[in-house]
1. If I take R0 = 51 Å and measure r between the Cβ atoms of B:ILE8 and A:VAL250 in this structure, what FRET efficiency does the formula 1/(1 + (r/R0)^6) give, to the nearest 0.05?
2. Can you tell me which of A:36-49, A:175-188 comes out highest on packing, and rank the rest after it, using the mean Cβ neighbours within 10 Å?
3. Can you tell me how much longer the chain between A:SER160 and A:LYS265 gets when fully stretched, taken as 0.36 nm per residue apart minus their C-alpha distance, in nm with one decimal?
4. Identify which of A:ALA95, A:ALA12, A:ALA129 has the largest mean-square fluctuation in a Gaussian network model of chain A, with springs joining Cα atoms closer than 10 Å.
5. I'd like the projected area of the stretch B:24-86, averaged over all directions, using the convex hull of its alpha carbons. Report it in nm² with one decimal.
6. Using the Cα centre of the stretch A:109-191 as the reference point, and only Cβ charges (+1 on K/R, -1 on D/E), how large is the resulting charge dipole? Debye, rounded to the nearest 20.
7. Cysteines of chain B lacking any other cysteine beta carbon under 4.7 Å?
8. Among A:HIS118, A:PHE107, A:ALA129, whose Cα lies farthest out toward the positive end of the dipole of the stretch A:98-161, if unit charges sit on the beta carbon of Lys, Arg (+1) and Asp, Glu (-1)?
Amino acid sequence: MSRQGEERELFAPGHRMCAGCAEGIAVRNILKEAGPHTIAAIATGCLEVVSTAYPQTAWEIPVIHAAFENAASVAAGVEVALRELGRKEGVNVMAFAGDGGTFDIGFQALSGMLERGHDVTYVCLDNEAYMNTGIQRCSSTPWGASTTTSPPGSCSKGESQPKKPLAAICAAHDIPYAATATVAYIKDLRCKVRKALDTEGPAFLHVFTPCPTGWRHGSDDSVELSRLAVETGVFVLWEAVDGDICNLKVTYKPKKRKPVAEYLKKQRRFGHLTDEDIQRIQQEVDEKWEKLED
Amino acid sequence: MSSLKITIGAVNTRPGSSREYKTGGWRTMRPQVDVEKCIQCLQCLAYCPDGAISKSENAVQIDLDYCKGCGICAKECPVKAIVMLKEEK
(Lines give C-alpha, C1' and ligand atoms only; values in the text may rest on other atoms or scores of the structure.)
Protein backbone atom coordinates (compact mmCIF):
# COMPACT_ATOMS: atom_id res chain seq x y z
CA MET A 1 0.00 0.00 0.00
CA SER A 2 2.87 2.37 0.72
CA ARG A 3 3.58 2.82 -2.99
CA GLN A 4 -0.04 3.77 -3.68
CA GLY A 5 0.41 7.53 -3.19
CA GLU A 6 3.29 7.84 -5.66
CA GLU A 7 2.04 5.62 -8.47
CA ARG A 8 0.64 7.09 -11.64
CA GLU A 9 -3.09 6.70 -12.22
CA LEU A 10 -3.57 4.88 -15.54
CA PHE A 11 -7.35 4.70 -15.33
CA ALA A 12 -8.51 8.30 -15.10
CA PRO A 13 -11.40 9.64 -13.03
CA GLY A 14 -14.46 10.92 -14.85
CA HIS A 15 -15.37 7.43 -16.06
CA ARG A 16 -19.08 6.61 -15.84
CA MET A 17 -19.07 3.58 -13.55
CA CYS A 18 -21.89 3.48 -11.00
CA ALA A 19 -20.97 4.82 -7.56
CA GLY A 20 -19.24 2.07 -5.60
CA CYS A 21 -18.46 -0.15 -8.63
CA ALA A 22 -15.76 -2.64 -7.70
CA GLU A 23 -14.53 -2.83 -11.31
CA GLY A 24 -13.06 0.63 -10.83
CA ILE A 25 -11.03 -0.59 -7.87
CA ALA A 26 -9.89 -3.66 -9.81
CA VAL A 27 -8.87 -1.88 -13.03
CA ARG A 28 -7.07 0.97 -11.24
CA ASN A 29 -4.98 -1.41 -9.17
CA ILE A 30 -4.31 -3.87 -11.99
CA LEU A 31 -3.05 -1.08 -14.26
CA LYS A 32 -0.90 0.38 -11.49
CA GLU A 33 0.80 -3.00 -11.20
CA ALA A 34 1.09 -3.47 -14.97
CA GLY A 35 2.49 0.01 -15.57
CA PRO A 36 2.32 2.31 -18.61
CA HIS A 37 4.03 -0.10 -21.05
CA THR A 38 0.83 -2.04 -21.48
CA ILE A 39 -1.56 -2.50 -24.39
CA ALA A 40 -5.07 -3.72 -23.66
CA ALA A 41 -7.87 -5.18 -25.73
CA ILE A 42 -11.30 -4.80 -24.16
CA ALA A 43 -14.55 -6.62 -24.80
CA THR A 44 -17.96 -4.99 -24.88
CA GLY A 45 -19.34 -4.75 -21.38
CA CYS A 46 -19.62 -2.44 -18.39
CA LEU A 47 -15.93 -1.56 -18.49
CA GLU A 48 -15.99 -0.59 -22.16
CA VAL A 49 -19.23 1.40 -21.92
CA VAL A 50 -18.16 3.43 -18.90
CA SER A 51 -14.56 4.12 -19.91
CA THR A 52 -14.76 5.00 -23.60
CA ALA A 53 -17.65 7.42 -24.11
CA TYR A 54 -16.53 9.10 -27.35
CA PRO A 55 -14.79 11.58 -27.66
CA GLN A 56 -13.35 10.79 -24.24
CA THR A 57 -11.47 7.88 -22.74
CA ALA A 58 -10.48 7.01 -19.18
CA TRP A 59 -7.49 4.96 -20.34
CA GLU A 60 -3.94 6.27 -20.18
CA ILE A 61 -2.62 3.27 -22.11
CA PRO A 62 -3.37 2.13 -25.69
CA VAL A 63 -6.69 0.30 -25.76
CA ILE A 64 -8.56 -1.46 -28.55
CA HIS A 65 -12.22 -2.34 -28.48
CA ALA A 66 -13.49 -4.43 -31.37
CA ALA A 67 -16.52 -6.53 -30.43
CA PHE A 68 -18.15 -8.43 -27.60
CA GLU A 69 -16.71 -11.85 -28.29
CA ASN A 70 -13.14 -11.24 -29.38
CA ALA A 71 -11.07 -9.43 -26.72
CA ALA A 72 -8.83 -12.53 -26.50
CA SER A 73 -8.36 -12.73 -30.29
CA VAL A 74 -7.58 -9.01 -30.58
CA ALA A 75 -5.03 -9.28 -27.76
CA ALA A 76 -3.53 -12.34 -29.46
CA GLY A 77 -3.22 -10.37 -32.70
CA VAL A 78 -1.52 -7.47 -30.92
CA GLU A 79 0.91 -9.87 -29.27
CA VAL A 80 1.83 -11.58 -32.57
CA ALA A 81 2.24 -8.23 -34.34
CA LEU A 82 4.58 -6.94 -31.62
CA ARG A 83 6.56 -10.18 -31.74
CA GLU A 84 6.92 -10.09 -35.54
CA LEU A 85 7.98 -6.44 -35.46
CA GLY A 86 10.54 -7.23 -32.77
CA ARG A 87 8.88 -4.81 -30.34
CA LYS A 88 7.48 -7.21 -27.76
CA GLU A 89 10.29 -6.74 -25.25
CA GLY A 90 9.06 -4.91 -22.13
CA VAL A 91 5.47 -4.55 -23.33
CA ASN A 92 2.56 -6.22 -21.53
CA VAL A 93 -0.38 -7.33 -23.64
CA MET A 94 -3.60 -7.66 -21.68
CA ALA A 95 -7.26 -8.30 -22.34
CA PHE A 96 -10.09 -7.10 -20.11
CA ALA A 97 -13.60 -8.46 -20.33
CA GLY A 98 -16.62 -8.88 -18.11
CA ASP A 99 -18.17 -12.19 -17.19
CA GLY A 100 -20.56 -12.06 -20.16
CA GLY A 101 -17.66 -11.46 -22.53
CA THR A 102 -15.68 -14.28 -20.93
CA PHE A 103 -17.94 -17.03 -19.53
CA ASP A 104 -20.46 -16.91 -22.40
CA ILE A 105 -19.82 -14.82 -25.48
CA GLY A 106 -16.01 -14.61 -25.55
CA PHE A 107 -15.31 -18.16 -24.40
CA GLN A 108 -14.39 -19.57 -27.80
CA ALA A 109 -11.90 -16.77 -28.52
CA LEU A 110 -10.46 -17.10 -25.02
CA SER A 111 -10.06 -20.86 -25.30
CA GLY A 112 -8.33 -20.42 -28.67
CA MET A 113 -5.97 -17.78 -27.32
CA LEU A 114 -5.00 -20.02 -24.37
CA GLU A 115 -4.57 -23.06 -26.60
CA ARG A 116 -2.31 -21.22 -29.09
CA GLY A 117 -0.13 -20.07 -26.20
CA HIS A 118 -0.06 -16.30 -26.77
CA ASP A 119 1.81 -14.20 -24.22
CA VAL A 120 -1.34 -12.42 -23.06
CA THR A 121 -2.73 -11.78 -19.57
CA TYR A 122 -6.51 -12.10 -19.74
CA VAL A 123 -8.49 -10.46 -16.93
CA CYS A 124 -12.13 -11.37 -16.39
CA LEU A 125 -14.00 -8.87 -14.21
CA ASP A 126 -16.84 -10.96 -12.85
CA ASN A 127 -19.96 -9.22 -11.52
CA GLU A 128 -22.09 -12.32 -12.03
CA ALA A 129 -24.58 -11.13 -14.70
CA TYR A 130 -24.94 -8.91 -17.79
CA MET A 131 -25.07 -5.72 -15.75
CA ASN A 132 -24.77 -2.93 -18.30
CA THR A 133 -27.63 -4.25 -20.45
CA GLY A 134 -29.97 -4.56 -17.48
CA ILE A 135 -28.94 -7.42 -15.17
CA GLN A 136 -29.60 -10.52 -17.31
CA ARG A 137 -28.39 -13.89 -16.03
CA CYS A 138 -25.14 -15.34 -17.33
CA SER A 139 -23.32 -18.66 -16.85
CA SER A 140 -21.44 -16.82 -14.08
CA THR A 141 -24.62 -16.09 -12.09
CA PRO A 142 -24.75 -18.21 -8.93
CA TRP A 143 -27.68 -20.45 -8.03
CA GLY A 144 -30.58 -18.60 -6.43
CA ALA A 145 -29.68 -15.09 -7.60
CA SER A 146 -32.50 -12.93 -8.86
CA THR A 147 -31.84 -11.26 -12.21
CA THR A 148 -34.26 -9.78 -14.75
CA THR A 149 -34.15 -13.04 -16.73
CA SER A 150 -34.17 -15.32 -13.69
CA PRO A 151 -36.85 -13.70 -11.55
CA PRO A 152 -37.94 -15.56 -8.41
CA GLY A 153 -41.61 -16.41 -8.00
CA SER A 154 -43.97 -19.30 -7.29
CA CYS A 155 -42.23 -21.57 -9.84
CA SER A 156 -38.67 -20.27 -9.53
CA LYS A 157 -35.97 -19.71 -6.95
CA GLY A 158 -34.14 -17.29 -9.23
CA GLU A 159 -31.16 -18.55 -11.23
CA SER A 160 -31.48 -22.31 -11.58
CA GLN A 161 -27.92 -23.23 -12.63
CA PRO A 162 -24.74 -23.25 -10.58
CA LYS A 163 -21.85 -20.92 -11.46
CA LYS A 164 -19.51 -22.13 -14.20
CA PRO A 165 -16.04 -22.82 -12.74
CA LEU A 166 -14.32 -20.78 -15.41
CA ALA A 167 -10.90 -20.19 -13.84
CA ALA A 168 -10.49 -23.95 -13.36
CA ILE A 169 -11.60 -24.53 -16.97
CA CYS A 170 -8.94 -22.05 -18.14
CA ALA A 171 -6.30 -23.66 -15.94
CA ALA A 172 -7.24 -27.02 -17.48
CA HIS A 173 -5.97 -25.67 -20.83
CA ASP A 174 -2.53 -26.38 -19.30
CA ILE A 175 -1.65 -22.68 -19.28
CA PRO A 176 1.32 -21.51 -17.21
CA TYR A 177 -0.70 -19.37 -14.81
CA ALA A 178 -4.35 -19.06 -13.74
CA ALA A 179 -5.63 -17.43 -10.57
CA THR A 180 -8.65 -15.93 -8.85
CA ALA A 181 -8.59 -12.63 -6.98
CA THR A 182 -10.92 -9.99 -5.60
CA VAL A 183 -10.81 -6.29 -4.75
CA ALA A 184 -10.83 -6.52 -0.94
CA TYR A 185 -7.42 -8.26 -1.05
CA ILE A 186 -5.41 -5.77 -3.08
CA LYS A 187 -1.97 -7.13 -2.21
CA ASP A 188 -3.04 -10.59 -3.28
CA LEU A 189 -4.58 -9.16 -6.48
CA ARG A 190 -1.47 -7.17 -7.39
CA CYS A 191 0.82 -10.06 -6.58
CA LYS A 192 -1.17 -12.27 -8.97
CA VAL A 193 -1.17 -9.61 -11.69
CA ARG A 194 2.62 -9.39 -11.38
CA LYS A 195 2.98 -13.18 -11.61
CA ALA A 196 0.62 -13.33 -14.59
CA LEU A 197 2.52 -10.62 -16.46
CA ASP A 198 5.92 -12.10 -15.67
CA THR A 199 4.81 -15.50 -16.91
CA GLU A 200 5.80 -16.32 -20.47
CA GLY A 201 2.66 -17.48 -22.29
CA PRO A 202 -1.03 -17.09 -21.52
CA ALA A 203 -2.28 -16.22 -18.04
CA PHE A 204 -5.84 -15.97 -16.83
CA LEU A 205 -7.09 -13.90 -13.90
CA HIS A 206 -10.62 -14.20 -12.57
CA VAL A 207 -11.36 -11.05 -10.57
CA PHE A 208 -14.52 -11.03 -8.46
CA THR A 209 -16.11 -7.55 -8.51
CA PRO A 210 -19.30 -6.83 -6.52
CA CYS A 211 -21.92 -4.71 -8.32
CA PRO A 212 -24.16 -2.43 -6.21
CA THR A 213 -26.61 -1.96 -9.10
CA GLY A 214 -27.08 -5.60 -10.02
CA TRP A 215 -26.65 -7.24 -6.63
CA ARG A 216 -28.84 -4.64 -4.96
CA HIS A 217 -26.54 -3.67 -2.13
CA GLY A 218 -25.33 -0.36 -0.72
CA SER A 219 -22.68 1.41 -2.79
CA ASP A 220 -20.37 1.45 0.25
CA ASP A 221 -20.62 -2.35 0.66
CA SER A 222 -18.65 -3.42 -2.45
CA VAL A 223 -15.35 -4.03 -0.68
CA GLU A 224 -17.09 -5.53 2.36
CA LEU A 225 -18.97 -8.01 0.14
CA SER A 226 -15.81 -8.90 -1.72
CA ARG A 227 -14.24 -9.68 1.66
CA LEU A 228 -17.30 -11.58 2.90
CA ALA A 229 -17.37 -13.71 -0.26
CA VAL A 230 -13.87 -14.90 0.64
CA GLU A 231 -14.40 -15.14 4.41
CA THR A 232 -17.54 -17.26 3.93
CA GLY A 233 -15.77 -19.47 1.41
CA VAL A 234 -18.20 -18.64 -1.44
CA PHE A 235 -15.32 -17.32 -3.53
CA VAL A 236 -11.97 -19.08 -3.19
CA LEU A 237 -8.68 -17.26 -3.77
CA TRP A 238 -6.33 -19.68 -5.49
CA GLU A 239 -3.68 -19.98 -8.15
CA ALA A 240 -2.65 -22.84 -10.41
CA VAL A 241 0.74 -23.06 -12.07
CA ASP A 242 1.22 -25.01 -15.32
CA GLY A 243 -2.36 -26.17 -15.43
CA ASP A 244 -1.99 -28.32 -12.34
CA ILE A 245 -5.62 -28.04 -11.24
CA CYS A 246 -5.29 -31.05 -8.95
CA ASN A 247 -2.85 -29.02 -6.87
CA LEU A 248 -4.55 -25.66 -6.60
CA LYS A 249 -2.73 -23.41 -4.22
CA VAL A 250 -5.26 -21.62 -2.01
CA THR A 251 -3.62 -18.23 -1.43
CA TYR A 252 -5.90 -17.10 1.38
CA LYS A 253 -7.66 -19.50 3.66
CA PRO A 254 -10.15 -18.03 6.14
CA LYS A 255 -9.24 -19.19 9.67
CA LYS A 256 -12.84 -20.04 10.38
CA ARG A 257 -15.33 -19.75 7.54
CA LYS A 258 -18.23 -17.40 8.32
CA PRO A 259 -21.77 -18.63 7.58
CA VAL A 260 -22.77 -17.87 3.96
CA ALA A 261 -25.90 -16.11 5.26
CA GLU A 262 -23.70 -13.15 6.25
CA TYR A 263 -22.74 -12.73 2.61
CA LEU A 264 -26.16 -13.48 1.10
CA LYS A 265 -28.25 -11.31 3.43
CA LYS A 266 -26.45 -8.13 2.45
CA GLN A 267 -27.72 -8.47 -1.14
CA ARG A 268 -31.29 -8.06 -2.28
CA ARG A 269 -30.72 -10.39 -5.26
CA PHE A 270 -30.78 -13.19 -2.64
CA GLY A 271 -33.55 -11.54 -0.56
CA HIS A 272 -36.18 -14.13 -1.56
CA LEU A 273 -34.17 -17.16 -0.40
CA THR A 274 -35.61 -19.15 2.51
CA ASP A 275 -33.50 -20.55 5.36
CA GLU A 276 -33.65 -23.90 3.56
CA ASP A 277 -32.25 -22.36 0.36
CA ILE A 278 -29.45 -20.69 2.31
CA GLN A 279 -28.72 -24.05 3.93
CA ARG A 280 -28.41 -25.58 0.46
CA ILE A 281 -25.85 -22.94 -0.55
CA GLN A 282 -23.99 -23.47 2.75
CA GLN A 283 -23.82 -27.18 2.06
CA GLU A 284 -22.45 -26.63 -1.45
CA VAL A 285 -19.76 -24.32 -0.09
CA ASP A 286 -18.86 -26.86 2.63
CA GLU A 287 -18.59 -29.63 0.05
CA LYS A 288 -16.40 -27.47 -2.19
CA TRP A 289 -14.00 -26.84 0.70
CA GLU A 290 -13.94 -30.50 1.68
CA LYS A 291 -12.71 -31.28 -1.82
CA LEU A 292 -10.17 -28.45 -1.67
CA GLU A 293 -8.81 -29.61 1.66
CA ASP A 294 -8.54 -33.23 0.57
CA MET B 1 -22.49 17.52 -29.99
CA SER B 2 -23.67 17.99 -33.59
CA SER B 3 -20.36 19.65 -34.52
CA LEU B 4 -18.40 16.65 -33.25
CA LYS B 5 -16.05 15.29 -35.92
CA ILE B 6 -15.54 11.56 -35.74
CA THR B 7 -12.02 10.36 -36.56
CA ILE B 8 -11.44 7.41 -38.88
CA GLY B 9 -12.07 4.24 -36.89
CA ALA B 10 -13.23 6.48 -33.99
CA VAL B 11 -9.63 6.54 -32.81
CA ASN B 12 -9.26 8.59 -29.66
CA THR B 13 -5.85 10.22 -29.25
CA ARG B 14 -6.46 11.93 -25.92
CA PRO B 15 -5.57 9.54 -23.09
CA GLY B 16 -7.30 10.21 -19.78
CA SER B 17 -9.68 12.73 -21.38
CA SER B 18 -12.57 11.42 -19.27
CA ARG B 19 -11.27 13.96 -16.73
CA GLU B 20 -13.24 16.56 -18.71
CA TYR B 21 -16.40 14.93 -17.41
CA LYS B 22 -16.93 15.79 -13.75
CA THR B 23 -18.81 13.03 -11.98
CA GLY B 24 -19.00 14.92 -8.66
CA GLY B 25 -22.51 16.06 -9.54
CA TRP B 26 -23.80 12.50 -9.04
CA ARG B 27 -23.09 12.69 -5.35
CA THR B 28 -25.78 12.65 -2.63
CA MET B 29 -23.36 12.03 0.26
CA ARG B 30 -20.08 13.88 0.68
CA PRO B 31 -17.00 12.43 2.43
CA GLN B 32 -15.19 14.56 4.98
CA VAL B 33 -11.67 13.73 6.16
CA ASP B 34 -10.64 14.32 9.76
CA VAL B 35 -7.04 15.43 9.26
CA GLU B 36 -6.23 14.77 12.94
CA LYS B 37 -7.36 11.15 12.79
CA CYS B 38 -5.90 10.20 9.39
CA ILE B 39 -2.85 7.94 9.66
CA GLN B 40 -2.11 8.00 5.90
CA CYS B 41 -2.39 4.23 5.50
CA LEU B 42 -3.79 5.03 2.01
CA GLN B 43 -6.29 2.18 2.04
CA CYS B 44 -8.99 4.63 0.91
CA LEU B 45 -6.77 5.61 -2.01
CA ALA B 46 -6.46 1.97 -3.08
CA TYR B 47 -10.18 1.24 -2.61
CA CYS B 48 -11.61 4.37 -4.30
CA PRO B 49 -13.31 3.19 -7.53
CA ASP B 50 -12.90 6.65 -9.03
CA GLY B 51 -9.29 7.44 -8.20
CA ALA B 52 -10.54 10.61 -6.52
CA ILE B 53 -8.32 10.33 -3.44
CA SER B 54 -4.73 11.49 -3.23
CA LYS B 55 -2.12 11.89 -0.52
CA SER B 56 -1.82 15.36 0.99
CA GLU B 57 0.87 16.61 3.33
CA ASN B 58 -0.39 14.95 6.49
CA ALA B 59 -3.67 13.30 5.51
CA VAL B 60 -5.54 12.43 2.32
CA GLN B 61 -7.61 14.71 0.15
CA ILE B 62 -10.70 13.85 -1.84
CA ASP B 63 -11.30 15.46 -5.21
CA LEU B 64 -14.97 16.42 -5.09
CA ASP B 65 -14.97 17.03 -8.85
CA TYR B 66 -14.95 13.25 -9.33
CA CYS B 67 -16.07 11.68 -6.01
CA LYS B 68 -19.45 9.99 -6.57
CA GLY B 69 -20.04 9.67 -2.83
CA CYS B 70 -20.18 5.86 -2.74
CA GLY B 71 -18.88 5.79 0.83
CA ILE B 72 -16.37 2.94 0.44
CA CYS B 73 -13.55 5.14 1.84
CA ALA B 74 -15.54 5.93 5.00
CA LYS B 75 -16.49 2.28 5.50
CA GLU B 76 -12.98 0.90 4.93
CA CYS B 77 -11.02 3.52 6.88
CA PRO B 78 -9.41 1.59 9.78
CA VAL B 79 -9.39 4.64 12.09
CA LYS B 80 -12.77 6.08 11.05
CA ALA B 81 -11.19 9.31 9.84
CA ILE B 82 -13.76 9.77 7.04
CA VAL B 83 -17.44 10.51 7.64
CA MET B 84 -20.20 10.84 5.05
CA LEU B 85 -22.35 13.97 5.24
CA LYS B 86 -25.51 14.74 3.35
CA GLU B 87 -24.78 16.82 0.27
CA GLU B 88 -26.61 20.10 0.45
CA LYS B 89 -26.99 22.80 -2.15
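The values are calculated or read from the model by the stated rules, or taken from the named source; none is laboratory data. Please read all numbers here as calculations on a predicted model, not as lab measurements. Here the Cβ is made from the backbone with ideal geometry for all residues, glycine too, and neighbour counts use every protein chain on show. We work out accessible area using only protein heavy atoms, side chains counted, and drop any ligands, DNA or RNA first. Shrake-Rupley method; radii C 1.70, N 1.55, O 1.52, S 1.80 Å.
1. Numbers: r = 49 Å, r/R0 = 0.96.
Using R0 = 51 Å, I get an efficiency of 0.55.
2. A:175-188, A:36-49
3. This chain segment gains 35.9 nm when fully extended.
4. A:ALA12
5. 3.6
6. Around 200 debye, computed over the stretch A:109-191.
7. When partners are defined as cysteine Cβ atoms under 4.7 Å apart, chain B leaves B:CYS38, B:CYS41, B:CYS48, B:CYS67, B:CYS70, B:CYS77 without one.
8. Selected residue: A:ALA129.
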